[in-house]
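To start, the structure under review is shown below, and the notes come after it.
All of the numbers you see were taken from the coordinates with simple rules; none came from a lab. Just so it is clear, the structure is predicted and the values come from calculations on it, not from any experiment. Please note: Cβ atoms are built from the backbone with ideal geometry, for glycine as well, and neighbour counts cover all protein chains shown.
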Amino acid sequence: MRDDQRRQHLVDSNPWWRAASAGEDPTAWITHQRILRSRQDYDLGYRPGILDDVRTGPITDLLIVLTGPRRIGKSVALLDTAAELCARPDLDPRQVVYLPCDGMSAQDVRRCLVLARELTRAIDFDQPQPQPRVWLLDEISGVSGWTATLKLARDTTDFGGDTVIATGSRWAADEDVQGNLLAGRAGTTPGRRTRLLLPMTFRDYMTASRRQTPPLDAVHVSDLQSPEVARALDAIAFDVDAYDLAWQDYLTCGGFPRAVAEHTRNGVVSDNYLGDLKSWLRTDVDPEGPQDSVPRLLSTLAERATSPLNIAHTAEELGYSSRSVAERRLNRLVSSHAALWCPRRDGDKIVVGAQSKLYLTDPILASLPSRLRSGMPAPDMTRLTEMAIGVVMARAIDDLEESRWVSGDTIGYARTAREGEVDLAPITVPSPAGPVTTVPLESKWVGHGWKGEARTMTGKYSRGILATKSVLDVSGDVWAVPAPLVALLLQ
């Protein structure tokens, strides 16, 4: 890009600059903005609060890396943030800089950081020092070398004292986010530096789809078997069937906002939107493969989700040329936040060389193959439940300790002496009282006969919870709790 093109890109992306300069309404652009206008077609009122502190707090030195899958609403969250900042009477709208980075090079980004400050220099006149900016850098993770670019700007220019939100859909191993951005360059303002925007939780889904207001509050992951939780569960025992039906709907549509809206209004997620998700995954996971490569991969993973994944056998079944090809595609799936590894653990240590499970991070990804390609099996509710409970546990752990999701240090399964398996082994997490361990969980989507399934957990840990279909029993050392209620307790 030439400088004139970069300037025009900035002006077009920040219509509130012109409005502020002309003394006009700096929020008038909202009704015409293409992305926000498109949301109106599937808007159920869901608004993630992941950037609320930026929208309402002081503009200080702060750097946030916001990551999550494509189609989840990161651009929408940035534009909502821009809209609220433009409406604040204590800010000049020209302090807000929105920069869509798709298709840019590192040089383009470097120049845009300079040009944006030059284009808004009027707000610095008659000021004792330059006014801080809020930089909303959308999908910058697609720019090769983006962390080094921002590092240099934080170290050598006024950009180092600004609020910066950098978003991306892939957590690339070759970009040193921690070293370049979070080690001494993330500012002194309190707040999480690494944030995940993931599909709606079951609680979010219940609220957005107006099924009912969940009466269960989330608790610390170490308190799932507390007396207070037992009393709360007993109080809603009469409503277990309603939660079971809502859970099955959630497993059918998942938590992508548009999918939830389509399912709520029309009873089904559209093929068009499923095609959008397929296109995202094909681009990020297997751009050179045939059209059916991603559906076949997702279908295979959904069928094997409850067992450790033999990558060599998976590669052979899918017709890949080697195990390394399969590993590359699986790791791309994880870095794109479409899947999550669940390794085998012995205590807090990952067992080196042991096979890991792989969970899809949203139920709709398991339904995509059978919906878009004939002959592929529909996903099984039992496997979907185990994946969903594993993912919500991982999210709860990441909420307690920043960056554990992106570093692959959340959940894990355990083996017993007799080769039994516990789906989610105890993991050490922080608490106000110091380090504690999570309650072990096992997913058994059954409506009766659960006590036989509890023997493995009883023998291994003498405590724990079985996430069932509809059985609720909190009378023993191992509890049976319906999976939707476990999900609500976790998040």
Specify whether the C-alpha gyration tensor of region 1-151 places it in the rounded, prolate or oblate class, a ≥ b ≥ c being the square roots of the eigenvalues: rounded for a/c under 1.5, otherwise prolate if a/b is larger than b/c and oblate if not. rounded
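Neighbour counts of other C-beta atoms within 10 Å: give me Glu327, Glu139 arranged from fewest to most. Could the numbers behind the result be given before it?
Working: Glu327 15, Glu139 22.
Lowest count first: Glu327, Glu139.
Would you work out if region 212-322 is rounded, prolate or oblate? Take a ≥ b ≥ c from the square roots of the eigenvalues of the alpha-carbon gyration tensor; rounded if a/c is under 1.5, else prolate when a/b is larger than b/c, oblate otherwise. Can you show the working numbers first?
Numbers: a/c = 3.15, a/b = 1.71, b/c = 1.84.
It is oblate, given that a/c is not under 1.5 and a/b is not larger than b/c.
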Alpha carbon centroid spacing (whole Å) that separates region 72-147 from region 1-65: 9
So Ser407 and Asp380, fully extended at 0.36 nm per residue minus their Cα-Cα distance, gain in nm 6.8 nm
Region 373-413 - Rg (one decimal) and Dmax (whole number), Cα, Å: 13.8, 42
Could you work out how far apart the two model spin labels at Ser321 and Lys451 are, taking each label as a point 7 Å from the Cα in the direction of the beta carbon, and quote it in nm? 5.8
If you average the alpha carbon positions of region 376-392 and of region 422-442, how far apart do those two centres end up, in angstrom? 22
If I take R0 = 22 Å and measure r between the Cβ atoms of Val268 and Thr213 in this structure, what FRET efficiency does the formula 1/(1 + (r/R0)^6) give, to the nearest 0.05? 0.30
If I model a spin label as a point 7 Å beyond the Cα along the Cα-Cβ vector, how far apart are those points for Gln107 and Leu245 in nm? 6.2
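Which value, in debye to the nearest 20, gives the size of the charge dipole of region 3-196 about its Cα centre, when Lys and Arg are +1 and Asp and Glu are -1 at the Cβ?
Numbers: 25 positive and 27 negative charges, 87 e Å.
With only Lys, Arg, Asp and Glu charged at Cβ, the dipole is about 420 debye.
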FRET efficiency, 1/(1 + (r/R0)^6) with R0 35 Å, evaluated for Phe238 and Thr56 via beta carbons: 0.30
Can you work out the FRET efficiency for the pair Asp158 and Asp12, with r the C-beta to C-beta distance and R0 = 25 Å, to the nearest 0.05? 0.55
For Met381, Met200, what ranking results if the residue with the fewest other Cβ atoms within 10 Å of its Cβ goes first? Met381, Met200
Going by the alpha-carbon gyration tensor, a ≥ b ≥ c the square roots of its eigenvalues, is region 306-387 rounded (a/c under 1.5) or, if a/c is not under 1.5, prolate (a/b greater than b/c) versus oblate? oblate
Distance between region 447-491 and region 301-343 - C-alpha centres, whole angstrom: 29
What percentages make up the Cα-Cα pair-distance distribution of region 301-437 when the bins are 10 Å wide from 0? 11, 39, 35, 12, 2, 0
How many lysine pairs in the chain, separated by 8 or more positions in sequence or lying on different chains, have Cα atoms less than 24 Å apart? 13
Antiparallel content of DSSP bridges confined to the chain, in %, to 5: 30
